[in-house]
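Beneath this line is the structure, given in C-alpha coordinates, with notes to follow.
The values are calculated or read from the model by the stated rules, or taken from the named source; none is laboratory data. What you are looking at is a predicted structure, and each value in this text was computed from that prediction instead of being measured. Here the Cβ positions follow ideal geometry from the backbone for every residue, glycine too, while neighbour counts run over all protein chains shown. SASA here: full protein model, heavy atoms, side chains in, ligands and nucleic acids out. Shrake-Rupley method; radii C 1.70, N 1.55, O 1.52, S 1.80 Å.
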Amino acid sequence: MFRTKCRSVRSVLSRKVNVNKLQEGLRARSFGRSIFFSHEVGSTNDWAEELAQCGAEQGTVAVAEAQTAGRGRLDREWFSPKGGLWFSIVLRPKLLPAQAVRLVFVASLAVAETLHEEFGLKVETKWPNDVLLNGKKMCGILLEMSTTEEKVNFVVMGVGVNANFTENVFPEELRNVASSLENELGHQVRLEDLFGRLLERLENAYELYLERGFTPILERWKEYAGFLGRKVEVADQNQKMSGLALDVDRDGALAVKLENGTIRRVLVGDVSLQMR
Ligand code: BTN
(Lines give C-alpha, C1' and ligand atoms only; values in the text may rest on other atoms or scores of the structure.)
Protein backbone atom coordinates (compact mmCIF):
# COMPACT_ATOMS: atom_id res chain seq x y z
CA MET A 1 0.00 0.00 0.00
CA PHE A 2 2.70 2.43 1.10
CA ARG A 3 4.90 1.39 -1.86
CA THR A 4 2.12 1.98 -4.38
CA LYS A 5 1.53 5.40 -2.89
CA CYS A 6 5.21 6.23 -3.17
CA ARG A 7 5.37 5.04 -6.75
CA SER A 8 2.59 7.45 -7.63
CA VAL A 9 4.45 10.25 -5.87
CA ARG A 10 7.59 9.33 -7.78
CA SER A 11 5.68 9.69 -11.01
CA VAL A 12 4.71 13.18 -9.91
CA LEU A 13 8.40 13.80 -9.22
CA SER A 14 9.45 12.71 -12.68
CA ARG A 15 6.61 14.51 -14.46
CA LYS A 16 8.01 17.78 -13.07
CA VAL A 17 5.58 20.45 -14.13
CA ASN A 18 7.23 23.58 -15.48
CA VAL A 19 7.99 25.58 -12.38
CA ASN A 20 10.46 27.98 -13.93
CA LYS A 21 8.19 30.90 -13.22
CA LEU A 22 8.00 30.04 -9.52
CA GLN A 23 11.75 29.50 -9.26
CA GLU A 24 12.63 32.67 -11.17
CA GLY A 25 14.62 34.98 -8.93
CA LEU A 26 14.18 32.75 -5.88
CA ARG A 27 16.94 33.59 -3.42
CA ALA A 28 16.04 31.06 -0.72
CA ARG A 29 18.76 28.46 -0.06
CA SER A 30 16.95 25.19 0.54
CA PHE A 31 13.29 26.25 0.55
CA GLY A 32 11.91 25.80 -2.96
CA ARG A 33 14.86 23.86 -4.37
CA SER A 34 12.22 21.25 -5.31
CA ILE A 35 8.84 22.63 -6.21
CA PHE A 36 5.82 20.54 -7.17
CA PHE A 37 3.12 22.51 -8.89
CA SER A 38 -0.42 21.51 -9.80
CA HIS A 39 -3.34 23.47 -11.18
CA GLU A 40 -5.65 21.81 -8.68
CA VAL A 41 -5.22 19.44 -5.73
CA GLY A 42 -7.32 18.46 -2.73
CA SER A 43 -4.98 20.01 -0.15
CA THR A 44 -1.32 20.96 -0.58
CA ASN A 45 -0.77 19.82 3.02
CA ASP A 46 -1.86 16.30 2.08
CA TRP A 47 0.31 16.41 -1.03
CA ALA A 48 3.36 17.61 0.93
CA GLU A 49 2.76 14.89 3.51
CA GLU A 50 2.79 12.23 0.77
CA LEU A 51 6.00 13.70 -0.60
CA ALA A 52 7.55 13.69 2.88
CA GLN A 53 6.49 10.07 3.49
CA CYS A 54 8.29 9.19 0.29
CA GLY A 55 11.52 10.89 1.34
CA ALA A 56 11.21 14.45 -0.02
CA GLU A 57 14.05 16.63 1.27
CA GLN A 58 13.65 19.59 3.62
CA GLY A 59 12.40 22.67 1.79
CA THR A 60 10.37 20.76 -0.82
CA VAL A 61 7.26 22.78 -1.65
CA ALA A 62 3.88 21.66 -3.02
CA VAL A 63 1.97 24.55 -4.65
CA ALA A 64 -1.45 24.57 -6.24
CA GLU A 65 -3.44 27.16 -8.11
CA ALA A 66 -6.62 25.97 -6.41
CA GLN A 67 -7.53 23.45 -3.71
CA THR A 68 -10.73 21.44 -3.71
CA ALA A 69 -10.40 20.31 -0.08
CA GLY A 70 -8.28 23.04 1.53
CA ARG A 71 -8.12 22.55 5.30
CA GLY A 72 -7.80 24.97 8.17
CA ARG A 73 -7.18 24.50 11.89
CA LEU A 74 -9.67 22.56 13.96
CA ASP A 75 -10.84 20.68 10.85
CA ARG A 76 -12.38 23.74 9.26
CA GLU A 77 -12.69 24.12 5.51
CA TRP A 78 -10.33 26.60 3.88
CA PHE A 79 -11.74 28.46 0.89
CA SER A 80 -9.05 28.14 -1.81
CA PRO A 81 -10.09 29.38 -5.26
CA LYS A 82 -7.77 30.15 -8.17
CA GLY A 83 -6.00 33.46 -7.54
CA GLY A 84 -4.82 32.64 -4.03
CA LEU A 85 -1.37 31.47 -3.01
CA TRP A 86 -1.70 27.96 -1.55
CA PHE A 87 1.42 26.02 -0.69
CA SER A 88 2.97 23.64 1.85
CA ILE A 89 6.62 23.11 2.78
CA VAL A 90 8.23 19.90 4.01
CA LEU A 91 10.49 20.52 7.03
CA ARG A 92 12.75 18.12 8.87
CA PRO A 93 13.82 20.05 11.97
CA LYS A 94 15.84 18.49 14.76
CA LEU A 95 13.35 19.64 17.38
CA LEU A 96 11.11 18.07 19.97
CA PRO A 97 7.39 18.12 19.12
CA ALA A 98 6.77 20.81 21.77
CA GLN A 99 9.38 23.02 20.09
CA ALA A 100 8.15 22.26 16.57
CA VAL A 101 4.62 23.53 17.30
CA ARG A 102 6.09 27.03 17.72
CA LEU A 103 6.92 27.00 13.99
CA VAL A 104 3.45 28.45 13.56
CA PHE A 105 4.85 31.74 14.93
CA VAL A 106 7.80 31.48 12.53
CA ALA A 107 5.36 31.21 9.64
CA SER A 108 2.98 33.97 10.71
CA LEU A 109 5.91 36.31 11.40
CA ALA A 110 7.31 35.70 7.90
CA VAL A 111 3.90 36.34 6.31
CA ALA A 112 3.30 39.51 8.34
CA GLU A 113 6.76 40.89 7.48
CA THR A 114 6.30 40.08 3.80
CA LEU A 115 2.90 41.78 3.52
CA HIS A 116 4.15 44.77 5.50
CA GLU A 117 7.50 45.22 3.79
CA GLU A 118 6.45 44.39 0.22
CA PHE A 119 3.10 46.20 0.14
CA GLY A 120 3.24 48.60 3.10
CA LEU A 121 0.15 46.97 4.64
CA LYS A 122 -0.47 47.48 8.36
CA VAL A 123 -1.03 43.81 9.07
CA GLU A 124 -1.42 42.30 12.53
CA THR A 125 -0.71 38.86 13.91
CA LYS A 126 -3.39 37.25 16.03
CA TRP A 127 -2.62 34.32 18.31
CA PRO A 128 -1.95 31.64 17.38
CA ASN A 129 -1.69 31.62 13.59
CA ASP A 130 -3.56 34.43 11.86
CA VAL A 131 -2.44 37.43 9.88
CA LEU A 132 -5.13 40.11 9.74
CA LEU A 133 -5.65 43.41 8.04
CA ASN A 134 -8.27 45.76 9.47
CA GLY A 135 -9.52 42.84 11.54
CA LYS A 136 -10.02 40.55 8.53
CA LYS A 137 -8.08 37.40 7.82
CA MET A 138 -5.61 37.64 4.94
CA CYS A 139 -3.70 34.45 5.55
CA GLY A 140 -3.91 31.15 7.41
CA ILE A 141 -1.25 28.71 8.51
CA LEU A 142 -1.74 25.02 9.12
CA LEU A 143 1.14 23.19 10.77
CA GLU A 144 0.95 19.41 10.85
CA MET A 145 3.60 16.95 11.95
CA SER A 146 4.49 13.30 11.99
CA THR A 147 6.10 12.18 15.25
CA THR A 148 7.36 8.97 16.75
CA GLU A 149 7.32 9.31 20.52
CA GLU A 150 9.49 12.38 21.17
CA LYS A 151 10.97 12.52 17.68
CA VAL A 152 9.67 14.74 14.88
CA ASN A 153 9.84 12.80 11.62
CA PHE A 154 8.74 15.77 9.54
CA VAL A 155 6.59 18.87 9.67
CA VAL A 156 4.30 20.20 6.95
CA MET A 157 3.91 23.97 7.07
CA GLY A 158 0.88 24.99 5.00
CA VAL A 159 0.41 28.64 4.08
CA GLY A 160 -2.59 30.18 2.37
CA VAL A 161 -2.70 33.84 1.30
CA ASN A 162 -5.90 35.37 -0.04
CA ALA A 163 -4.36 37.19 -2.97
CA ASN A 164 -5.92 37.80 -6.38
CA PHE A 165 -9.66 37.59 -5.90
CA THR A 166 -12.15 40.15 -4.70
CA GLU A 167 -14.59 40.19 -1.83
CA ASN A 168 -17.55 39.02 -3.92
CA VAL A 169 -15.74 35.74 -4.64
CA PHE A 170 -15.82 34.79 -0.93
CA PRO A 171 -18.86 32.83 0.24
CA GLU A 172 -21.32 35.10 2.05
CA GLU A 173 -20.36 33.83 5.52
CA LEU A 174 -16.69 34.77 5.04
CA ARG A 175 -17.17 38.31 3.73
CA ASN A 176 -17.12 39.95 7.16
CA VAL A 177 -14.17 37.99 8.48
CA ALA A 178 -11.81 37.56 5.53
CA SER A 179 -10.24 39.82 2.94
CA SER A 180 -7.70 39.57 0.14
CA LEU A 181 -4.69 41.49 -1.16
CA GLU A 182 -6.64 42.51 -4.24
CA ASN A 183 -9.40 43.96 -2.06
CA GLU A 184 -7.02 45.89 0.14
CA LEU A 185 -4.56 47.08 -2.51
CA GLY A 186 -7.08 47.68 -5.28
CA HIS A 187 -4.99 45.68 -7.75
CA GLN A 188 -3.66 42.16 -8.31
CA VAL A 189 -0.15 41.10 -7.30
CA ARG A 190 2.33 38.89 -9.16
CA LEU A 191 1.96 35.55 -7.38
CA GLU A 192 5.43 34.31 -8.41
CA ASP A 193 7.04 37.37 -6.74
CA LEU A 194 4.92 37.05 -3.62
CA PHE A 195 5.81 33.35 -3.42
CA GLY A 196 9.54 34.09 -3.79
CA ARG A 197 9.68 36.87 -1.19
CA LEU A 198 7.60 34.83 1.24
CA LEU A 199 9.71 31.72 0.85
CA GLU A 200 12.90 33.70 1.54
CA ARG A 201 11.49 35.20 4.73
CA LEU A 202 10.12 31.81 5.81
CA GLU A 203 13.55 30.27 5.38
CA ASN A 204 15.30 33.12 7.23
CA ALA A 205 12.86 32.97 10.15
CA TYR A 206 13.10 29.17 10.26
CA GLU A 207 16.90 29.27 10.42
CA LEU A 208 16.81 31.98 13.06
CA TYR A 209 14.53 29.81 15.18
CA LEU A 210 16.78 26.75 14.83
CA GLU A 211 19.93 28.75 15.59
CA ARG A 212 18.80 31.22 18.26
CA GLY A 213 15.58 29.77 19.66
CA PHE A 214 12.12 31.20 20.13
CA THR A 215 12.93 34.54 21.83
CA PRO A 216 13.97 36.57 18.74
CA ILE A 217 11.02 35.18 16.75
CA LEU A 218 8.54 35.99 19.51
CA GLU A 219 9.92 39.50 19.97
CA ARG A 220 9.44 40.31 16.27
CA TRP A 221 6.06 38.56 16.19
CA LYS A 222 4.84 40.71 19.10
CA GLU A 223 5.63 43.88 17.16
CA TYR A 224 2.68 42.92 14.95
CA ALA A 225 0.47 41.55 17.74
CA GLY A 226 -2.15 44.30 17.92
CA PHE A 227 -4.46 42.09 19.98
CA LEU A 228 -2.20 42.27 23.04
CA GLY A 229 -3.67 44.59 25.65
CA ARG A 230 -7.14 44.23 24.13
CA LYS A 231 -10.30 42.54 25.34
CA VAL A 232 -10.66 39.14 23.73
CA GLU A 233 -12.83 36.10 23.81
CA VAL A 234 -10.87 32.86 23.92
CA ALA A 235 -12.25 29.44 23.15
CA ASP A 236 -10.04 26.57 24.28
CA GLN A 237 -10.91 22.87 23.95
CA ASN A 238 -13.39 23.00 26.85
CA GLN A 239 -14.79 26.48 27.29
CA LYS A 240 -15.14 30.07 26.24
CA MET A 241 -13.80 32.91 28.38
CA SER A 242 -13.38 36.65 28.06
CA GLY A 243 -10.60 38.80 29.38
CA LEU A 244 -7.62 40.94 28.57
CA ALA A 245 -4.93 39.44 26.31
CA LEU A 246 -1.80 40.06 28.39
CA ASP A 247 1.08 38.31 26.70
CA VAL A 248 2.36 35.34 24.72
CA ASP A 249 5.00 33.48 26.72
CA ARG A 250 8.13 31.55 25.76
CA ASP A 251 6.09 28.38 25.21
CA GLY A 252 3.80 30.21 22.79
CA ALA A 253 0.93 30.12 25.32
CA LEU A 254 -1.46 33.05 25.56
CA ALA A 255 -1.91 34.64 28.99
CA VAL A 256 -5.39 36.08 29.53
CA LYS A 257 -6.52 38.08 32.55
CA LEU A 258 -10.09 36.96 33.20
CA GLU A 259 -12.80 39.31 34.48
CA ASN A 260 -12.43 37.87 38.01
CA GLY A 261 -8.74 38.82 38.01
CA THR A 262 -7.24 35.34 37.59
CA ILE A 263 -4.70 34.77 34.87
CA ARG A 264 -5.28 31.83 32.55
CA ARG A 265 -2.64 30.34 30.26
CA VAL A 266 -4.04 28.93 27.03
CA LEU A 267 -1.91 26.65 24.85
CA VAL A 268 -4.48 25.62 22.23
CA GLY A 269 -7.47 27.68 21.25
CA ASP A 270 -8.98 30.45 19.20
CA VAL A 271 -9.13 34.16 19.92
CA SER A 272 -11.72 36.65 18.76
CA LEU A 273 -11.27 40.33 19.37
CA GLN A 274 -14.00 42.29 21.09
CA MET A 275 -15.03 45.62 19.56
CA ARG A 276 -12.94 48.59 20.66
C1 BTN B 1 -6.39 28.33 9.33
O2 BTN B 1 -6.37 29.55 9.43
O3 BTN B 1 -7.26 27.67 9.91
C4 BTN B 1 -5.32 27.65 8.54
C5 BTN B 1 -5.56 27.69 7.05
C6 BTN B 1 -4.41 27.08 6.26
C7 BTN B 1 -4.66 27.05 4.77
C8 BTN B 1 -3.48 26.54 4.00
S9 BTN B 1 -3.68 26.75 2.25
C10 BTN B 1 -2.32 25.73 1.94
C11 BTN B 1 -2.37 24.59 2.93
N12 BTN B 1 -3.22 23.51 2.43
C13 BTN B 1 -4.31 23.34 3.18
O14 BTN B 1 -5.20 22.48 2.99
N15 BTN B 1 -4.31 24.22 4.20
C16 BTN B 1 -3.14 25.07 4.18
Based on Cα positions only, what radius of gyration and what Dmax would you give for region 77-136, in angstroms? 13.4, 37
Within the chain, which is the longest segment containing none of the GluC sites (Glu not before Pro) that sit in a DSSP loop and have at most 16 other Cβ atoms within 10 Å? 151-258
Cα atoms only, the chain: Rg and Dmax in Å? 18.4, 61
Residues whose placed amide H lies under 5 Å from that of residue 38, excluding near-sequence neighbours: 63, 64, 65
Once both label points are put 7 Å beyond Cα along the C-beta direction, the residue 53-residue 77 separation in nm becomes 2.5
Hey, could you pull the Cα Rg and Dmax for region 104-247, both in Å? 16.1, 48
Any idea which of 72, 88, 138 is furthest toward the positive side of the dipole for region 39-153, if Lys and Arg beta-carbons carry +1 and Asp and Glu beta-carbons -1? 138
Does anyone have the angle between helix 44-53 and the longest principal axis of the chain? Alpha-carbon axes, 0 to 90°, nearest 10? 60
Counting pairs on different chains as well as pairs 8 or more places apart, how many Lys pairs in region 6-222 have Cα atoms under 20 Å apart? 12
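Relative to the present Cα-Cα distance, how much length would full extension add between residue 96 and residue 150 at 0.36 nm per residue of separation? The partial results should precede the final answer.
Working: separation 54, 0.36 × 54 = 19.44 nm, distance 0.60 nm.
Stretched out fully, the residue 96 to residue 150 stretch lengthens by 18.8 nm.
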Accessible surface ranking that places the most exposed of 193, 249 first, with a 1.4 angstrom probe: 193, 249
Centroid-to-centroid separation of region 49-84 and region 138-194 [C-alpha atoms, Å]: 10
For residue 108, what accessible surface area do you get with a 1.4 Å probe? Give it in Å², rounded to 10. 0
Heavy-atom SASA rank of 39, 116 (probe 1.4 Å, accessible area, largest first): 39, 116
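Probe radius 1.4 Å, ligands and nucleic acids ignored: give me the carbon and sulfur share of the accessible area of the chain as a rounded percent. Display every interim value, and only then the final one.
Details: 6510 of 13690 Å².
Here carbon and sulfur together make up 48 percent of the probe-accessible area.
Leaving out ligands and nucleic acids, note down the accessible area per residue over the chain with a 1.4 angstrom probe, in whole Å². Kindly include the intermediate steps, with their values, before the conclusion.
Working: 13690 Å² over 276 residues.
Heavy-atom SASA per residue in the chain reads 50 Å².
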